[in-house]
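Below: one structure, written as structure tokens.
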Amino acid sequence: AWTDHSDARHKTYEGTAHSIYGGTDGRVITDKLKSLNVGRYYTKGIASDKIPTAERHISPTAQDFYNAFGTGTELSGLGGEVTKGDGTKETIHASLAPKDIASVGLMAIKELIARIETLETEVAALKE
């Protein structure tokens, strides 16, 4: 199985979602997710007679995700062309790291938990 370095000893922590993306109302990530286009797709260039059986996935585009959350590098998030050491050009296709998608989901869950706890406290106070 492929894994990345998730060991805290190898990371420099930048801060919470709120300190990175701004906002204080517990809706920073969920608001970004609401505006993120997520859809089902198949790879371009598939012959029209193969589309019904093409492999499909559901996700945002790497570019949309990079623009919303700034994960990865600009080149990995947006794609582009690089010049290699020998002078030849190479096209880098934009990509999404599964851990970034999962971590945004975890941050959104934490926001929702905090909002639920606030609502539960307000409901309890109203019942008194």
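The values are calculated or read from the model by the stated rules, or taken from the named source; none is laboratory data. Source: prediction; values computed, not measured. Here the Cβ is made from the backbone with ideal geometry for all residues, glycine too, and neighbour counts use every protein chain on show. These area figures cover heavy atoms from the full protein model, side chains too; ligands, DNA and RNA do not enter into them. Shrake-Rupley method; radii C 1.70, N 1.55, O 1.52, S 1.80 Å.
Annotations
- For region 69-92, filtered to residues that are under 29 Å from Thr16 (Cβ atoms) and of a type in the set (Ser, Thr, Tyr), the residue that is surrounded by the fewest Cβ atoms within 10 Å (Cβ to Cβ) is Thr73.
- Residue tally, condition part of a loop (DSSP other than H, G, I, E, B), more than 11 Å from the chain's Cα centre (by Cα) and not small (Gly, Ala, Ser), over region 62-92: 4
- Subset of region 49-61 [under 25 Å from Asp31 (Cβ atoms) and either open to solvent by less than 40 Å² (accessible area, probe 1.4 Å) or not in a loop (DSSP other than H, G, I, E, B) (or both)]: His57, Ile58, Ser59, Pro60
- In region 12-25 there is no residue matching the filter, namely being modelled with pLDDT under 80, part of a loop (DSSP other than H, G, I, E, B), touching a Ser or Thr at 6+ places or on another chain (Cβ under 8 Å) and not aliphatic (A, V, I, L, M).
- Failed condition for Ser95, given (1) assigned to a loop (DSSP other than H, G, I, E, B); (2) surrounded by fewer than 13 Cβ atoms within 10 Å (Cβ to Cβ); (3) not hydrophobic (A, V, I, L, M, F, W, C): (2)
- A Cβ distance below 6 Å, combined with a sequence gap of six or more or placement on separate chains, defines the contacts here; from region 108-128, residues that are under 24 Å from Ser35 (Cα atoms) reach residues that are not in a helix (DSSP H, G or I) in the pairs Glu111/Gly26; Ala114/Gly26; Arg115/Gly26.
- If you go through region 113-128 and pick out every residue that is in a helix (DSSP H, G or I) and either open to solvent by 80 Å² or more (accessible area, probe 1.4 Å) or in contact with a strand residue (DSSP E or B) (Cβ under 7 Å, 6 or more places away or on another chain) (or both), you end up with 9.
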